[in-house]
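This report refers to the structure that appears directly beneath it.
All of the numbers you see were taken from the coordinates with simple rules; none came from a lab. Because the structure is predicted, anything quoted here is derived from the model rather than measured. Here the Cβ is made from the backbone with ideal geometry for all residues, glycine too, and neighbour counts use every protein chain on show.
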Amino acid sequence: MSNQKSTQDTDAIDQSFLLRQVGYNCLQAYLKIEPDIKKRLTRYQLKPVEFTVLSLISSNPGINQKRLGHTINVSPPNLATLLDKMELRELLARKRNPNDKRSQILELTDKGQTLFEKAKQQFEKNENIPYLSSTEQKQLLVLLQKIFL
C-alpha cells in the first residue's frame, strides 16, 4: 500500500493549470449561475434555449430559421426539433418568406410574446450576480462579448 495520499484524501484539488484557461473559467462560471437561471425560467415552463429563442424572435421581427440557428449555434436539425416543440406549445409560428419561398420567417404568437415579457421582467429584476459589483458585471459582459461577437 502506498504512503501517498490520493486527491480524495485532501481538501484542495490542484486546478492551477485549468484556472489559467479561459474556457474552463467560462464553463465554471456558467455552471455556478445556471441553477438560478433554470429556477427563474422553470416557473414559466421555459428552458434557457427556449427563452433565448423567444428573446431573439421578439427583438428581430422576421428573423428566419437559418439566421436564428447561426446566432445561437444550434444545428438545423436540432433547431427544427426545438421550434417544432415551441410551435406545438403555441409560442411561435413559422411562415413562408414572401421574398424567398425556401425560407421560413419566425414570429411569436401572442401567447409566446406574453410569456417572454413575463420571463424577461424576472431577469431584469434579478440579473445581478452577487459575487460582482455592477461595474464588474458590465466589464465582464464587455469582455465576454469580445469573444463571441
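Using the alpha-carbon atoms, what tilt in degrees (0 to 90, nearest 10) does helix 22-42 show relative to the longest principal axis of the chain?
The two axes meet at around 60 degrees.
Taking the chain as a Gaussian network, Cα atoms linked when under 10 Å apart, which of Ser55, Ser133, Ser103 shows the biggest mean-square fluctuation?
Ser133
Give the Cα extents of the chain along the principal axes, in whole Å, largest first.
72, 35, 30
Subtract the Cα-Cα distance of Asn73 and Leu140 from 0.36 nm times their separation in residues, and report this length gain in nm to one decimal.
Values: separation 67, 0.36 × 67 = 24.12 nm, distance 2.12 nm.
Working it through step by step, the gained length comes to 22.0 nm.
Using alpha carbons only, how many degrees (0 to 90, rounded to 10) separate the axis of helix 110-126 from the longest principal axis of the chain?
Roughly 30 degrees between the two axes.
State which stretch of the chain is the longest one without any exposed GluC sites (Glu not before Pro), exposure meaning a DSSP loop state and at most 14 other Cβ atoms within 10 Å.
Working: sites that count: Glu90, Glu127.
Result for the longest clean stretch: 1-89.
Magnitude of the Cβ-charge dipole of the chain, K/R +1 and D/E -1, about the Cα centre, nearest 20 debye? Walk me through the numbers before you get to the answer.
Values: 23 positive and 16 negative charges, 110 e Å.
For the chain, the charge dipole is close to 520 debye.
By how many degrees, between 0 and 90 and to the nearest 10, does the Cα long axis of helix 134-148 differ from the longest principal axis of the chain?
Here the helix axis deviates by roughly 70 degrees.
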